[in-house]
Protein chains: 2
Amino acid sequence: MVKKVLKFGGTSVGTTERIQIVAKIIQKERSLGNKIIAIVSAMAGKTNDLIKLSEEITNEFNKRELDVLLSSGEQVTSALLSGALIKLNIKAKSWLNWQIPILTDGDHANSRIITMHVEKINKYLDDGGVSIIPGFQGISKFGDVTTIGRGGSDATAVAVAKIFNADSCEIYTDVDGVFSTDPNKIPVAKKIDSISYDEMLELSSLGAKVMQSSAVQTAMMYDIPLEVRSTFTERKGTKIINKEKIDYTKSVTGVAYSKNDAKITIVGVEDRPGVAANIFEPLSKAQINVDMVIQNISSDQKTTDITFTVKRDDVSKTKQILKDNSKINYKEIIKNDRVAKVSIVGAGMVTTPGVTYKMFRALSDVGINILAISTSEIKLSVIIQENNILQAIKKLHTTFDLD
Amino acid sequence: MVKKVLKFGGTSVGTTERIQIVAKIIQKERSLGNKIIAIVSAMAGKTNDLIKLSEEITNEFNKRELDVLLSSGEQVTSALLSGALIKLNIKAKSWLNWQIPILTDGDHANSRIITMHVEKINKYLDDGGVSIIPGFQGISKFGDVTTIGRGGSDATAVAVAKIFNADSCEIYTDVDGVFSTDPNKIPVAKKIDSISYDEMLELSSLGAKVMQSSAVQTAMMYDIPLEVRSTFTERKGTKIINKEKIDYTKSVTGVAYSKNDAKITIVGVEDRPGVAANIFEPLSKAQINVDMVIQNISSDQKTTDITFTVKRDDVSKTKQILKDNSKINYKEIIKNDRVAKVSIVGAGMVTTPGVTYKMFRALSDVGINILAISTSEIKLSVIIQENNILQAIKKLHTTFDLD
C-alpha cells in the first residue's frame with residue numbers, strides 16, 4: 001500500500017465521459033489499497049473561456065478578481081470527479097483551496113505554494129477516502145484566493161506530493177509520456193522510459209509541453225519521482241527521476257525543436273566592456289526573452305558582430321528598441337525570421353566525447369548550414385533555416401540511435 | 001446616504017455586456033453616496049449547464065459535491081462584476097461564502113442562512129468599497145459548501161438586508177416589476193406600484209416568477225421593504241411592503257393563472273372519517289403536490305365524490321397511486337388534464353363585500369363554466385377549461401378595474 005498523488009490535466013477531464021475514465025483509474029488504484037490524492041485541472045478550454053469573459057470587460061482585469069474567477073474552473077472539476085467516484089461507491093470528497101487550506105505567498109496570478117494543512121486529509125486517507133484537490137490555486141495569509149500561473153496544476157501536484165510525503169506523483173495527460181522527439185512529426189519517435197529532471201527541464205524549455213518546468217524543478221529539488229502517463233491507455237509512461245538512478249546506454253535522450261525563433265545580428269558594434277549589457281538591458285526590461293547569444297570579432301578588430309535569437313513575435317519590437325537605444329553604435333541590423341532551433345538533449349552527453357562533432361557532421365552530411373550554436377552541459381542547440389527543420393530532426397534522431 | 005442591498009438575477013448578469021450595465025447602476029448609487037452590497041446570481045443558463053454536467057455522470061449526484069459544483073456559478077459572476085466596477089475606478093471586492101463567512105444550517109441543496117459576520121464588510125463599506133456577494137450559497141459549521149435552493153439569491157439578498165440592517169433591498173430583474181396579470185398575454189396589464197408581502201406570496205405561488213417565495217416570507221417576517229425593478233430601464237419598479245402601508249383603492253390587485261393543472265375526481269368514495277387522509281397520505285409521500293380539494297356529498301348520501309387538482313406531469317403517477325391504494329373503495333376515477341387555474345389576488349378583498357359573487361358573475365357573463373373553487377383570505381381561485389383561460393383573465397382584469 002502506497003500513498004500516491006495523481007494529477008489529471010485539462011484534456012484528461014475535458015468531458016464528463018473522460019472524468020468517468022479518470023474515476024475508473026482511481027477505482028483501480030483503490031482496489032490495490034493505495035491511498036490516493038487526486039489533483040485536477042480545469043476542464044480543457046474552460047480557463048481560456050473564463051479569461052475571455054474577463055477580457056470582454058477589460059484587458060487589465062483586476063488580478064485579485066481574476067484569481068477568484070479562474071479558480072472556479074478547478075472547483076468544477078473537483079466536484080464532478082468526486083461525484084463520479086461516489087457513483088462508483090468509492091468514498092471521495094473534494095477539498096477546496098480554503099478547506100484544506102493551501103497557503104501561498106499571496107502573489108496574484110503567480111503565487112507559490114508555501115504549505116498545506118495535512119492532518120484532516122491524512123485522516124481522511126486513513127479512513128479509505130479519496131481526496132480531490134483543485135490544482136493551480138491556494139489562498140494567501142489574508143484569505144484571498146491566489147492562483148499559481150498557467151499549468152500550475154503540475155506545481156500543485158508536486159507540492160502535494162512533497163508536503164504529504166507521497167511515494168509517487170503521477171502526471172496523467174493525453175500523451176503516452178515523453179518522446180525522443182515529436183511523434184506527430186517523426187513517426188520513429190520513441191517513448192522514453194526514464195529521463196532525468198535536468199533533461200526534462202531542457203526538453204520543457206525547448207517546447208516539449210508535457211510538464212510545467214517549475215514543477216519539474218521542485219520535484220528535482222526534493223527528489224520526488226514523477227511519472228508522466230496517458231489517461232487513455234494502460235501503457236507505461238515516462239519516469240522522471242534523479243539521473244543517478246538512470247542507466248545511460250545512450251549519450252542523447254531526445255531531439256527537440258522550436259520553430260518560433262528569429263535571428264538578429266547587430267553588425268559592427270563597438271567592441272568594449274559594457275556593450276552587451278547596453279544592448280540587452282532594454283530588451284529584458286521590455287520582457288523580450290533573448291535565447292542564444294553569439295559574439296564574433298569582426299575583421300577590423302575594433303568592432304564586433306553580435307547575433308542573438310528571440311521569439312518571432314518579438315522581432316519588430318526588438319528592432320525598434322535597438323534603434324531607439326542611444327547607448328550603442330553599430331553599422332546595421334540584420335534579421336532572419338525564418339529560422340528554427342534544433343537541440344539534442346542527454347545527461348549522457350557529459351561523459352560521451354565527440355557528441356558535438358557528431359551533431360555538426362550529421363547536419364553537414366545532409367547539407368544543412370548551421371547559423372548559430374549554443375551549448376549547455378546536457379544540451380546542444382543549433383539555429384538552422386526553418387525549411388531544413390524536419391530533415392535535421394530525422395537525421396539527428398537516426399545519428400544518435402533513437403529510432 | 002443609505003445602505004442598500006441590490007440583487008441582480010441571472011438574466012441581469014447573463015453576459016459581460018450586461019454585467020457592465022449592472023456596474024453602471026452601482027456606479028450611480030455610489031455617486032449618490034450610498035453604501036452598496038450587491039448580491040449576484042449565476043449568469044443565465046450557467047446553473048442549468050452545471051446541473052447537466054452532473055447529470056451526465058449520474059442523476060443521483062452526491063449532494064455535497066453538487067453544492068460545490070453549483071456554487072461556482074455565482075463565484076464567477078462575483079469576480080466579473082467586481083472587475084467591471086474596478087475598471088470604472090470604483091473600489092469593489094468579491095466576498096466568497098467562506099470569506100465572509102455566510103453560515104447556514106448545513107443542509108445540502110436546501111440550506112437556510114443562519115448568520116453572517118458583518119464586521120469586515122461593514123468596515124469595507126465605511127471605507128467606500130462596494131461588496132459583491134455570491135447569492136444562493138453559504139457554508140455549514142463543518143466548513144462544507146451548502147446551497148440554499150433554486151432562486152436562492154433572492155433569499156441571500158433578503159438575509160443580507162436583514163443581517164446588515166440595510167435601509168432597502170432592491171431586486172433587479174428583466175421585467176419592470178410585478179404586473180396586474182401577465183403582460184405578455186394581456187396587453188392592458190399594468191405594473192403595480194405597491195403590493196403587500198401576502199399578495200406577492202399568493203402571486204408567486206400562482207406562478208408569477210418575479211421573486212422567490214421564501215425570500216418574500218423572510219422579508220415579511222422582518223418587515224424589510226423590497227423593490228422589484230428592471231436592470232434595463234430606469235423606470236420605477238414595484239415596492240413590496242407591509243400592507244398597513246398600502247392605500248387600497250382597489251379590492252383586487254392582480255389576476256394570476258397557471259396552465260399546468262389537471263383535475264382528478266374520485267367518484268363514489270365511502271363517506272366516513274379518515275378517508276381523505278387515506279387518499280392523500282400516499283400522494284404526499286410520493287412528493288405529489290395536491291392543490292385544490294373539493295368534496296361533494298353524492299346522491300346516495302353514503303358515498304361522496306372527491307375532486308382535486310395536481311400538476312399535469314403528476315397525473316399518471318397520481319392515478320397509479322390511487323389504484324394501488326388498498327385503503328380506499330370507489331366507483332371510478334375521472335381525470336381532466338385540459339384545465340387551468342385563474343385567481344384573483346388582493347389584500348383589499350377581505351374588506352370588500354361581493355368580490356366572490358362578482359367574479360362568478362363575470363365568468364358566467366362570458367359563458368365560462370367553473371369546475372372547482374378554492375378561496376383564501378386574499379385569493380380566490382377557480383378551475384376552468386384550459387381553452388377559456390385567456391378570455392377569463394381579460395374579463396376579470398376589466399371587471400376589477402385593472403386595465
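Only the coordinates and a few stated rules stand behind these numbers; no lab work does. Since we're looking at a predicted model, the values are computed, not measured. Cβ: placed from backbone, ideal geometry, glycine included. Neighbour counts: every protein chain shown.
What to note about this one:
- Per-residue [θ]222 nm for chain B (sum of -39500 (n - 2.57) over DSSP H runs n ≥ 4, rounded to 500): -10500 deg cm²/dmol
- Peptide-level mean, for A:66-73, of C-beta atoms on other protein chains within 10 Å: 6
- Mean Kyte hydropathy of -1.0 or more with a Cα span along the axis of at least 20 Å, helices from DSSP in chain B: B:16-31, B:63-87
- Taking the square roots of five times each eigenvalue of the Cα gyration tensor of region B:94-222, the equivalent ellipsoid has semi-axes of 30, 17, 12 Å, listed largest first.
- The label point for B:ASN165 and the one for B:VAL350, both projected 7 Å from the Cα toward the Cβ, are 3.1 nm apart.
- Annotation for A:VAL188 and B:GLN301: the two label points, set 7 Å from Cα along the Cα-Cβ direction, are 10.7 nm apart.
- Mean Cβ neighbour count within 10 Å, used as a protection proxy, ranking B:125-131, B:283-289, A:318-324 highest first: B:125-131, A:318-324, B:283-289
- Taking chain A as a Gaussian network of alpha-carbon nodes connected by springs under 10 Å, the highest mean-square fluctuation of the residues A:GLN217, A:GLN20, A:GLN301 belongs to A:GLN301.
- Here region B:33-99 is assigned +1 on the Cβ of each Lys and Arg and -1 on the Cβ of each Asp and Glu. Its dipole about the Cα centre then comes out at about 560 debye.
- Alpha-carbon centroids, region B:86-116 and region A:75-145: separation in whole Å: 20 Å
- Ratio Rg/Rh [Cα only; Rh per Kirkwood] for the protein assembly as shown: 1.11
- Label distances, nm, B:GLY274 versus same residue in remaining copies, Cβ-directed 7 Å point: 10.7
- If you look at the Cα atoms of region A:1-106, you get an Rg and a Dmax of 15.5, 50 Å.
- Length gained on full extension, B:GLU377 to B:LEU390, computed as 0.36 nm times the residue gap minus the Cα-Cα distance: 2.2 nm.
- Between B:GLN320 and A:ASP403, the modelled label-to-label distance comes to 6.8 nm, taking each label 7 Å out from Cα in the direction of the beta carbon.
- Globularity index of chain A is 1.10 (Cα radius of gyration / 2.2 N^0.38 Å, N = number of residues).
- Distances in nm from A:ASN325 to the matching label points in the other copies, shortest first (labels 7 Å along Cα to Cβ): 8.9
- Per residue of B:125-131, other chain Cβ atoms within 10 Å of the residue Cβ number 0 on average.
- Between the residues B:ILE163, A:GLY73, B:ASN34, the greatest Cα displacement towards the positive end of the dipole of the protein assembly as shown, with unit charges on the Cβ of Lys, Arg, Asp and Glu, is found for A:GLY73.
- Each copy carries a label point for A:ASP182 at 7 Å from Cα toward Cβ; from one copy, the others' points are 5.9 nm away, ordered from shortest.
- Dipole of the protein assembly as shown [Lys/Arg +1, Asp/Glu -1 at C-beta], most positive-end residue of A:THR352, B:ILE321, B:LEU96: B:ILE321
- Cut-off under 5 Å, modelled amide H: who pairs with B:LYS7 long-range: B:ILE39, B:GLU170, B:ILE171, B:TYR172
- Cross-link pairs exceeding 23 Å in C-alpha to C-alpha distance, out of A:LYS4/A:LYS236; A:LYS93/B:LYS52; A:LYS263/A:LYS331; A:LYS209/A:LYS285, comprise A:LYS209/A:LYS285.
- Taken as Cα centroids, region A:327-403 and region B:300-317 sit 86 Å apart, rounded to the nearest whole angstrom.
- Shielding by partners - mean other protein chain Cβ count within 10 Å, residues of A:93-101: 4
- Segment A:LYS141-A:ASP271, length gained on full extension (0.36 nm per residue, minus Cα span): 41.7 nm
- Ranked by the mean number of other Cβ atoms within 10 Å per residue, highest first, peptides A:387-395, B:256-264 order as B:256-264, A:387-395.
- Here chain B is assigned +1 on the Cβ of each Lys and Arg and -1 on the Cβ of each Asp and Glu. Its dipole about the Cα centre then comes out at about 600 debye.
- Simple point charges give the picture: +1 on the Cβ of Lys and Arg, -1 on the Cβ of Asp and Glu, and for the protein assembly as shown a dipole about the Cα centre of about 400 debye.
- Over all orientations, region A:255-399 has a Cα convex hull whose mean projected area works out to 9.4 square nanometres.
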